[in-house]
1. Answer yes or no: is there a residue in the stretch A:255-262 that is more than 7 Å from every other protein chain (Cβ to nearest Cβ), in a loop (DSSP other than H, G, I, E, B), free of Cβ contacts under 8 Å to residues at least 12 places away in the same chain and surrounded by 13 or more Cβ atoms within 10 Å (Cβ to Cβ).
2. Only one of (1) among the polar types (S, T, N, Q); (2) in a helix (DSSP H, G or I); (3) within 14 Å of chain A (Cβ to nearest Cβ); (4) out of contact with any Leu (no Cβ under 8 Å at 6 or more places or on another chain) is not met by B:THR104, so which one is it?
3. Considering the stretch B:322-333 alone, what residues qualify as being loosely packed, with under 15 Cβ neighbours inside 10 Å and part of a helix (DSSP H, G or I)?
4. From the residues in the stretch A:85-141 that are at pLDDT 85 or above and among the basic types (Lys, Arg), which one is farthest from the chain's Cα centre (by Cα)?
5. Within the stretch A:200-216, restricting attention to residues that are out of contact with any helix residue (DSSP H, G or I) (no Cβ under 9 Å at 6 or more places or on another chain) and more than 7 Å from chain B (Cβ to nearest Cβ), which residue is surrounded by the most Cβ atoms within 10 Å (Cβ to Cβ)?
6. In the stretch A:225-254, what count of residues is obtained for those that are under 30 Å from B:LEU167 (Cα atoms) and more than 8 Å from chain B (Cβ to nearest Cβ)?
7. Select, from B:LEU287, B:LEU298, B:LEU237, the only residue that is under 24 Å from A:ILE259 (Cβ atoms), more than 8 Å from every other protein chain (Cβ to nearest Cβ) and not basic (Lys, Arg).
Amino acid sequence: MSGRSGSPTRPPPSQGDDPPDLSSLIPDSRGSTEIPSTLPPRASDADLIANPEVRHGEFRQVLEELDRLSDDLHRRPGPDAGKTDPIPVDWDEGTADATGSSPYLDERLAVASVAVSSLSRELRELGDRWHGVQEAAERVEREIGHASLESGFLRSAKEIDEIPSGSSSVPRAMRVASPAPLAAPARKPSPPRPTQYGGFTVARYNATIGGLKARRRRLAWWTVLLAAGISAVLVALAVLAREPVPSLWLALLPAVWMIPVPFFVISFFSTQRILRRNDLDMTGSP
Amino acid sequence: MNFPTVLFQITAIGKNVRALEASARSVLYWVRHTPALAFRHRLWLVVEPEGYRTAPNVYEELRAQGAEVFVVPREYSTPLGTSGKARALQFAVEQRQALGISDTSAWVYHQDEETCVGQDTLLGISDFIQDGRGLVGAGIILYPLDWLGSPSHIQELTRSYDDFRVLDSMTMPDNPTMGFHGSHILVRADVEDSVGWDSVGYAPAEDLTFEIRVRARYGPVFGVLKGFAYEKGAFSLRDQVRQRRRWVHGVMWALRRSPELNARRRATLLYSLFTWFSALPSVIVLLASVAFHYGPLLEVTGIFTGFIWVSMVTGYLEGFRLHSEYVQRTISLSRFVLHGMVGALVDVVAPWYALATRPSLGDFIPKDRPVLADEIGGRHVPG
């Protein structure tokens, strides 16, 4: 004997034999999702939906706590542990060996360590799942918003339909389909991946068109003033140069510069006109 | 309640698979994320067999998500025997007729393979149909996708600003400055299918031919489509010049082979072409003026020079401002000016290049930006 004495009611496991059966201590997936009662006070469900950071904060605290516990459990007693941490006087004789350490300590430490690791892993997975739930909640919220807009839109369109055709200035044939509409083919629900086009919104369109419309007059004035200034300088330079008239065939060549003038003048007025007409304004941004 | 159907139709060879996939997905994404749309939607991808073969998995994936893929049979031919994009467009017309959807309740929104839509595009389409603004609508196209600030990309900025001129002209009775698009246009299905896209031989600018026919048959039924479409410019100067060459050939084709073109519109078209052709001689004469001293004549021409210069610079600046909400990449002023000049020179040379070469059916303009392996990640690599 090496000084190890057994207890009559609970024989100690022999060191170096088969490892203990820990399966009953490793939590299953159902149990792992239950939040331990020792966690900080839970926020209400409404708070969690509104403030997912609260739940994330809780998870972080629990994980830190478990990591600390795991570290503590892994720390084995040193050679002089018995001197600094004597065996309690009421220690059961059958559970202690001659050196003063418990025969169950290693086993318990191992089991606890496995359990803590498992719990830690399960909690991390729970955190990931919570993130998915949060995204799903956001999606539901967005879709409910869209559905609300959609139903309001359908109601208003129905009201327009009910107006007698003669009372509307809008041609009904253009507004509402006469024959039965085409049914879209069966779709496999799979949200497309937004890339660059994800940013092409009405808000950006309105900002772009609105900006150009806002500077329309300024643009027109600057064009006229700058054009007049440049032309004046060019004409002045030509006059001051006092050059002799070149031969006729050469002198006519610059007439080619006049060809696009009508095109540019029409373009200038066309652009101004269409910006003034409000044809491009888009209201009712969803 | 009955809503009309908008058929988002992407007609292309189909080899620019990533661009096409993004365009299709932009439709699916924004239809899903835009409430209060007054239409039902369908997504049609009309591609050539060689395009489909490039990445069948991509097409099948899109099909699984709601797109309807039509591969134009190699043996298919139109009554007049047209080729190129017009052939595929005519094939789609016949498909609609066979399905019985060429009526007033269906609209066709035309996209190129790189035409992405946004929330504004869809609401603009919905608004156009509800308001009964016309039978054909066209809007402004921006070019922010994969924008790099290269000379060809800088040059595209001016096209967006020029679209204001295009839209104004298009809505006037005779379209005095010949404005129209081949993409970002909405056409009521019965109108499109009655006019069709068929022509004798290859029509390099099928959109121009279509506009001429619709106007001749239905009159001024064109309206402004609110909302932008989002495309990408050519990646290289070579592609830019080939694209412009096709336009020039298209205008020349329309001048020669469009019996629907009345004398006034023919003159307008001719003037537009002449204006473009005059750009290269203008530059040459400008350089020559230093040597030949055109002093006295400059006293007359100089009056208009300022206006033309300012108008051109305004096109670049306002074009850039239109894109500023969408383009993340910044570019220094010096590079902007330099690239703008290079891009403009390509446009100056393009019509003369077109004159010296023949229309080519095989002009394939790459729109798929080369991507690095880490950008692709775990995704498929087309081809």
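1. Filtering the stretch A:255-262 for residues more than 7 Å from every other protein chain (Cβ to nearest Cβ) gives A:255, A:262.
Narrowing further to those that are in a loop (DSSP other than H, G, I, E, B): none.
Looking through the stretch A:255-262, none of the residues is more than 7 Å from every other protein chain (Cβ to nearest Cβ), in a loop (DSSP other than H, G, I, E, B), free of Cβ contacts under 8 Å to residues at least 12 places away in the same chain and surrounded by 13 or more Cβ atoms within 10 Å (Cβ to Cβ).
2. The number of the failed condition is (2).
3. So in the stretch B:322-333, the residues loosely packed, with under 15 Cβ neighbours inside 10 Å come out as B:324, B:328-330, B:332-333.
Correct list: B:LEU333 only.
4. A:ARG121
5. Filtering the stretch A:200-216 for residues out of contact with any helix residue (DSSP H, G or I) (no Cβ under 9 Å at 6 or more places or on another chain) gives A:207, A:210, A:214.
When the remaining residues are screened for being more than 7 Å from chain B (Cβ to nearest Cβ), the result is A:210, A:214.
Working: A:GLY210: 13, A:ALA214: 11.
Top of the filtered list is A:GLY210.
6. Count: 1.
7. Numbers: B:LEU298 fails: more than 8 Å from every other protein chain (Cβ to nearest Cβ); B:LEU237 fails: under 24 Å from A:ILE259 (Cβ atoms).
Within the list B:LEU287, B:LEU298, B:LEU237, the selection yields B:LEU287.
Rundown of residues vs (1) buried (at least 23 other Cβ atoms within 10 Å of the Cβ); (2) at positive phi; (3) outside any strand (DSSP E or B), yes/no style:
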residue	(1), (2), (3)
B:ILE154	yes, no, yes
B:LEU157	yes, no, yes
B:ASP190	no, no, yes
B:VAL200	no, no, yes
B:THR209	yes, no, yes
B:ILE212	yes, no, yes
B:LEU225	yes, no, no
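The values are calculated or read from the model by the stated rules, or taken from the named source; none is laboratory data. Since the structure is predicted, the reported quantities are computational estimates derived from the model, not experimental observations. A quick note on method: Cβ atoms are made from the backbone with ideal geometry, for glycine too, and the neighbour counts reach across all protein chains shown.
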